[in-house]
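Colleague: Encoded as structure tokens, here's the structure I'll be asking about.
The values are calculated or read from the model by the stated rules, or taken from the named source; none is laboratory data. Note that this is a predicted model, so its numbers are computed, not measured. Glycine gets a Cβ as well: all are built from the backbone with ideal geometry, and neighbour counts include every protein chain shown. Heavy atoms of the whole protein, side chains included, go into the accessibility calculation; ligands, DNA and RNA do not. Shrake-Rupley method; radii C 1.70, N 1.55, O 1.52, S 1.80 Å.
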Amino acid sequence: METEDVTVREQLFHDRVRETIICVLLFICLYILSHFILTHFKKNAEFVTDDIEDATVNKIALWLCTFTLSVAVCAVLLLPISILSNEVLLTFPHSYYMQWLNGSLIRGLWNLVFLFSNLSLVFLMPFAYFFTESEGFAGSKKGIMARVYETAVMLLLLSLLVLGIVWVASALIHHNTARESLYDLWEYYLPHLYSGISLFGVLLLLLCTPFGLSRMFSVTGSLLVKPRLLENLEETMNCTAFEEASLSRKLKSNTSCWISANIETINNELLSVQSKRIALELRKRASPWQRNLGYPVAMLLLLALTAVSVLMVCFHVLELLFDESAMPRGMEDPHLGLASFSMFGSLGAAVQVVIILYLMVSSVVGFYSSPLFTGLLPRAQDTTLTQIIGNCVSLLILSSALPVFSRTLGITRFDLLGDFGRYNWLGSFHIVFLYNMLFAGLTSACLINTVTWALQRELIRAFGLHRLPLTVSRSTIPLKLLLANGLSKIH
């Protein structure tokens, strides 16, 4: 009997060591990837200053940002890894080489991401910001430790402020008296705080994702070569070259006679023409397949992904009305390898993974395209450390809410593991139902508006109507007139 107990304990020990090694290796890979990303965007002048103390503080803050970004990337991969792991175990149920892939590993990964994401949001990122802004208390000895002391005091005051706000909000909502013990602080107020942060992230995804789905078409179109109907590329390039040469001669001749405003106007026109010429040269160097097939295929793929996402949400709305199991809930044991989380098997699971990643990319595009957050958009080798901290916090909020977002919309039937499924608002049918309806409505409206306006704009450019001296708007030229004009030109 003792031998069997020892064997069981040894097996549990080896399993725990194996899971720890796998999680550490995964995190190291994500940390290295995040380090390269932040190195590409950071402003090098802030890390090579003459003040060694400031440079050291900035490096420490950058390390914390790298840790936070790696946690955000891991949060994005939670659902894809879980869904694909289940399908792998279904395909190879008795494989010796897949024994390391089990429910305990996936559950531990979810718990670690939840812990580190809240640690980064509540402690690491505020510490990094206050640390870079601190100078030490007045009258104290200057140095790194003086900044650490000031940052610790600021964090303590901020924590008291946040806990006070949560205490007041809980008392107003639940009409309870103040809870004083540390047990109530850990078991009552912190879950409310985590639930509020997750609700904010899910609402932010609700606003950013539909807008990002509509922006994906224009962003993808700017990266590809667009086909032009009835366009002579050589003639357009010659006209652009003549226009550029004319502006250059006008700028060089009698520069002293021009006032500064005119010179600035000509410079702007010259830059616009040069960028147009570069775009035309890229189109000329592109192969016929890229010019005529790449753009339509990419647009059709984006349209298909968006349509599938909306259809899945609409189907989930019907499920909510007739099936209680469609409600998002938490679970302790994922039970991997028993059944597929999609009615279409492995193919459906692969589609779920693609849709989840597509929604995350769309939410990021929508976030940086919104007027409120355009200033956070990172620029290569020109992003300040404060902007990096803001970007890491924003991406972490979006990514940590992605599992709850995907399960609430019914993109997957994989229930939330660990503390992700303990949010208070997940059990409310009215909140979940209204959330699904808002997402489907906003996405459909943004998609219809983007497709119709993009179609009219491309037809205007294709048939040469953009060269008219008058401003062409949607109300000026109806779609039927554009189609009739195009057919007459073809004939």
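Colleague: Using a 1.4 Å probe on the protein heavy atoms only, what accessible surface does V219 show? Give it in Å² to the nearest 10.
Modeller: 50
Colleague: With a 1.4 Å probe and all protein chains kept in place, how do M125, M343 rank by accessible area, largest first?
Modeller: My answer, sorted largest first, is M343, M125.
Colleague: Heavy-atom accessible area of M154 with all protein chains present, probe 1.4 Å, nearest 10 Å²?
Modeller: Its heavy atoms expose roughly 80 Å² to the probe.
Colleague: Along Cα→Cβ, 7 Å out, is where each label goes; now give me the distance between the ones at Q381 and T56 in nm to one decimal.
Modeller: Modelled inter-label distance: 2.9 nm.
Colleague: How do H40, H430 rank by accessible surface area computed with a 1.4 Å probe, from largest to smallest?
Modeller: Largest to smallest exposure gives the sequence H430, H40.
Colleague: Could you tell me which of rounded, prolate or oblate describes the range 40-153, using a ≥ b ≥ c as the square roots of the eigenvalues of the alpha-carbon gyration tensor, with rounded for a/c under 1.5 and, failing that, prolate when a/b is larger than b/c and oblate otherwise?
Modeller: Here the range 40-153 falls in the prolate category.
Colleague: Same structure, new question: Carbon and sulfur: what percent of the range 80-132's accessible surface (1.4 Å probe)?
Modeller: Reported share for carbon and sulfur atoms: 72 percent.
Colleague: Would you mind working out the magnitude of the charge dipole of the range 1-94 relative to its Cα centre, with +1 at each Lys and Arg C-beta and -1 at each Asp and Glu C-beta, to the nearest 20 Debye?
Modeller: It comes to approximately 360 debye.
Colleague: Here's another thing I want to ask about it. Using only the heavy atoms of the protein chains and a 1.4 Å probe, how would I431, I411, I60 rank by accessible area, largest first?
Modeller: I431, I60, I411
Colleague: Next question, about the same structure. With every protein chain present, what accessible area does Y358 have (1.4 Å probe, heavy atoms only), rounded to the nearest 10 Å²?
Modeller: My reading of the accessible area for Y358 is about 20 Å².
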